[in-house]
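**Student:** Here you go, one structure.
What follows draws every value from the coordinates through simple rules; no lab data is involved. Since this is a predicted model, take the numbers as computed values, not measurements. We place every Cβ from the backbone using ideal geometry, glycine too, and count neighbours over all the protein chains shown.
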Amino acid sequence: MKKILLIGHGPQINSASTIVAFPQLRTWSMQRYLQSLGHSVHTIYVDNKEKKLPNADYDVAITAGPFASAYAALSLPDTIPLWLDWPSDPRADLHARLHSTGSLPEPSEQTFVTMLHTLSLRRADAIGVISKRQYWATLSSMIDWRIHDPDIHKKIYTVPIAFDFPFPQTAHNRTEKKNIALAGSINSWFDAQKSFQLLNKIVKELPQINIHIFGGRVSHHITPNCPLQNWHHKQVHHHGWLSNNDFYTSLCKQDIGFWLNHQGVEPLLGSRTRALLFAWMGMDIAASCDTELMQNLCSEKLVWNIRTAEDLSTAMIGRTQHGKKLKEYCRETYSPSAVYAPIGQWLRAPKRYKHPHKDNVSDEIYRLRQTILAIHNSPTWRWGSRLHQLFQNIMGAKK
C-alpha cells in the first residue's frame, strides 16, 4: 500500500454539484480507483486557494486533470516520484481558440503555456495521456531533453477517459428518437456555427424533434454572439447548468447526444467526455468522429458519424439504435480497472527519474519556473479565464 498525494480539481462532486466538467470527473474517478486498490489517498484541490501542498511524507504524487494540477505539482519536493496526468495538450487547446474566437492569444499567454508544457513534462517520472495520438506528440516533446534515456517511450502511458460517472446505471428503454441533447461546455473545440446550421435545418424538416441544450458557452472560448446560446425556437429548450440530480433526471428523457468539432489539432490529440456520458445514459450518439475515442466507436458501428444535416436526419429517422450495444462496449473497454491499469502497475515500483545531468536540469527547471512566475505577475498578463483564477489560487497558496 502506498501513501499517495492526489492533486486534482474540485470542488468535490455531490448531488447538488453544477458545472461538473472533465477535470472534476477525472479527479473523482482516479481517487475512487486508487482507494479501491487499498492505497491511502490524500486529495487536495487546486481550485481551493486555502489548500497548500501538505508537508507530510508521501510515497508518490499523482495529478488528475489538466494544467492547474500539473503546475501545482511543480512545487513538490524534488524527491517525490510524480505521475503526471496530461490528458490534453495545452498548446492544442490554445490553438483551438483561434477557431472559436478568431483572435490570436496574447504573447505572454502563449509563452506561459509553452513553458508550463515544458516544465511539467520535465518534472514527471511517468506521464498519462488521453489518446495514442497524444502519446506520439508527447514523446516528441520529451525527446530533446531526454534523448539519452533508452526507455523514454516506456514512461508515457495511454490513459483514456474512464467509463465512470456519478449517476446510476439504470436501464432506459428508448423506443423513439425525438430529443437531441447538447450537454456540457460550448467551448473552443465545439463548432457552434455549424452545429446551429445543422440543427436549425433539422427542426424545420422534422417538427417532432426537440433540441435540449444543457450547460452553455465558456466566455473566454466562444464569442458572445454564439448562435446556439441565442437561439429562440419553440423546439429548442435551454436548461443551463443544472444540479447533478436535475441533470440526470433530464438526461434520462433524451434520445441522442450531439456535438460537432472544429477541425484542428485539439480533436486529433484529445477526447470527448460527453461521448462516454451519453453512452452511460444508454443514448445514441450523433457527432463528429475525428477524436480517437469516437473513431474507435465509429469503427465498431456504435455511433452516427455526422458531417452534414443529411447525416443527422438519417440518424434521427432511421430505425437503428445503438445505445444498448454502445453502453456494453464502453463498460467493457473503458472501465476504470482497464483505463487506470497503467497507474496501478506504476505504483508497484515508482521511481524518481535520475537525469545524468541533474544539476543542469535542476537549474533549467528553476529558471523556467521563475520565468513563468514573472510572466504571471507581469502587467501584460491577461489570461481572462477560469484557468487564470486557478493559477492565482496556486500562487496564493505558495506565499
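**Student:** Mind listing the long-range amide H neighbours of Leu347? Cut-off is under 5 Å, sequence gap 5 or more, other chains count too, H placed in the peptide plane at 1.01 Å from N.
**Tutor:** none
**Student:** For the stretch 334-342, just list the computed ³J(HN,Hα) in residue order, Karplus coefficients 6.51, -1.76 and 1.60, θ = phi - 60°, integers in Hz, with x standing in for Gly and Pro.
**Tutor:** For the stretch 334-342, the Karplus curve yields 10, 4, x, 5, 7, 5, 8, 3, x Hz.
**Student:** Tell me, Kirkwood radius of the stretch 113-203 from alpha-carbon pair distances, in Å?
**Tutor:** 17.6 Å
**Student:** If you build the Cα gyration tensor of the stretch 138-189 and take the root of 5 times each eigenvalue, what three semi-axes come out, in whole angstrom, biggest first?
**Tutor:** 42, 16, 9
**Student:** Can you tell me the Rg and the Dmax, both Å, for the Cα atoms in the stretch 286-350?
**Tutor:** Just the Cα atoms of the stretch 286-350 yield Rg and Dmax of 16.0, 54 Å.
**Student:** Also, I was wondering about something else. Using 1/(1 + (r/R0)^6) with R0 = 30 angstrom and r between the beta carbons of Ser243 and Gln295, what's the FRET efficiency to the nearest 0.05?
**Tutor:** 0.35
**Student:** Moving on to the next point. With all pairs of different alpha carbon atoms counted, what Kirkwood hydrodynamic radius in Å does the stretch 104-152 show?
**Tutor:** It works out to 12.1 Å.
**Student:** For a 30 Å ceiling on Cα separation, which of these pairs sit above it: Lys194/Lys327; Lys3/Lys154; Lys234/Lys301; Lys301/Lys351; Lys178/Lys301; Lys155/Lys194? Numbers along the way, then the final one.
**Tutor:** On the way: Lys194/Lys327 28 Å; Lys3/Lys154 24 Å; Lys234/Lys301 33 Å; Lys301/Lys351 42 Å; Lys178/Lys301 21 Å; Lys155/Lys194 39 Å.
With Cα atoms farther than 30 Å apart: Lys234/Lys301; Lys301/Lys351; Lys155/Lys194.
**Student:** Between His237 and residues 5 or more places away or on another chain, which pairs have amide H atoms under 5 Å apart, with H built 1.01 Å from N, and which residues are they?
**Tutor:** Under 5 Å from the amide H of His237 lie the amide H atoms of Ile211, His212, Ile213, each far enough along the sequence or on another chain.
**Student:** Taking the Cα atoms of the stretch 249-306, what is the range of coordinates along each of the three principal axes, in descending order and whole Å?
**Tutor:** So the three principal-axis extents are 35, 21, 16 Å.
**Student:** Report the normalised scattering of the stretch 179-334 as log10 I(q)/I(0) at q = 0.11 Å⁻¹, calculated by the Debye formula with identical scatterers on the alpha carbons.
**Tutor:** After summing over all Cα pairs, the log10 values are -0.39.
**Student:** Next up: Using a basic spin-label model with each label point 7 Å from the Cα along Cα→Cβ, how many nm lie between Leu139 and Lys178?
**Tutor:** About 5.1 nm separates the two model spin labels.
**Student:** Report, ordered by chain and residue number, the aspartates and glutamates lying within cross-link reach of Lys2, taken as a straight Cα distance under 14 Å and ignoring same-chain residues fewer than 8 apart.
**Tutor:** Those aspartates and glutamates meeting the cut-off are Asp57, Asp59.
**Student:** Continuing with this model, one more query. Percent relative contact order of the stretch 1-154, based on C-alpha pairs within less than 8 angstrom and at least six residues apart?
**Tutor:** Relative contact order here is 21 percent.
**Student:** Same structure, new question: Expected output is a single nm value to one decimal: the length gained when fully extending between Lys204 and Arg331, i.e. 0.36 nm times separation in residues minus the C-alpha distance. What is it?
**Tutor:** Result for the pair: 42.1 nm of gain on full extension.
**Student:** Right, next: Read phi for every residue in the stretch 89-97 and hand back ³J(HN,Hα) as whole Hz from Karplus 6.51 cos²θ - 1.76 cosθ + 1.60, θ = phi - 60°, with x for Gly and Pro.
**Tutor:** Calculated HN-Hα couplings, in order: 9, x, 5, 5, 5, 5, 4, 4, 5 Hz.
**Student:** Pull up all non-local amide H partners of Ile306: gap of 5 or more, or a different chain, and H-to-H distance under 5 Å with H placed in the peptide plane.
**Tutor:** Ala287, Ser288, Cys289
**Student:** If the stretch 127-269 were replaced by its equivalent ellipsoid, with semi-axes equal to the square roots of 5 times the Cα gyration tensor eigenvalues, what would those be, largest first, whole Å?
**Tutor:** Here the semi-axes work out to 37, 20, 13 Å.
**Student:** Relative contact order for the stretch 179-334: what is it in percent, counting Cα pairs under 8 Å that are at least 6 residues apart?
**Tutor:** Values: 238 pairs, mean separation 36.1, N = 156.
Over the stretch 179-334, the number comes to 23 percent.
**Student:** Could I ask something else about it? Which percent, nearest 5, of DSSP beta bridges in the stretch 179-334 are antiparallel?
**Tutor:** Counting DSSP beta bridges with both partners in the stretch 179-334, the antiparallel share is about 5 percent.
**Student:** Right, next: At 7 Å along the Cα-to-beta-carbon direction for both Lys234 and Lys354, put a label point, then send me their distance in nm to one decimal.
**Tutor:** Between Lys234 and Lys354, the label points sit 7.6 nm apart.
**Student:** Then there is this: With θ taken as phi - 60° and the coefficients 6.51, -1.76 and 1.60, list the Karplus ³J(HN,Hα) couplings across the stretch 18-32 in order, rounded to whole Hz; mark glycine and proline as x.
**Tutor:** Working through the residues one at a time gives 10, 6, 7, 10, 3, x, 5, 4, 4, 4, 4, 5, 5, 4, 4 Hz.
**Student:** Follow-up. Report the FRET efficiency, 1/(1 + (r/R0)^6), for Ser36 and Leu104, where r is their Cβ-Cβ distance and R0 is 56 Å, rounded to 0.05. Can you show the working numbers first?
**Tutor:** Values: r = 45 Å, r/R0 = 0.80.
Here the calculated transfer efficiency is 0.80.
**Student:** Using only alpha carbon pairs under 8 Å that are at least six residues apart, calculate the relative contact order of the stretch 247-332 and give it in whole percent.
**Tutor:** Result for the stretch 247-332 is 29 percent.
**Student:** What three numbers, in Å, describe the spread of the alpha carbons of the stretch 60-110 along their principal axes, ordered from the longest?
**Tutor:** That works out to 43, 21, 10 Å along the principal axes.
**Student:** Kindly state, to the nearest 0.05, the FRET efficiency for Ala16 paired with Thr158, given R0 = 51 Å and r defined as their beta-carbon distance. Walk me through the numbers on the way to the answer.
**Tutor:** Details: r = 34 Å, r/R0 = 0.67.
Calculated transfer efficiency: 0.90.
**Student:** Which Rg and Dmax, in Å, describe the Cα atoms of the stretch 227-266?
**Tutor:** 13.3, 36
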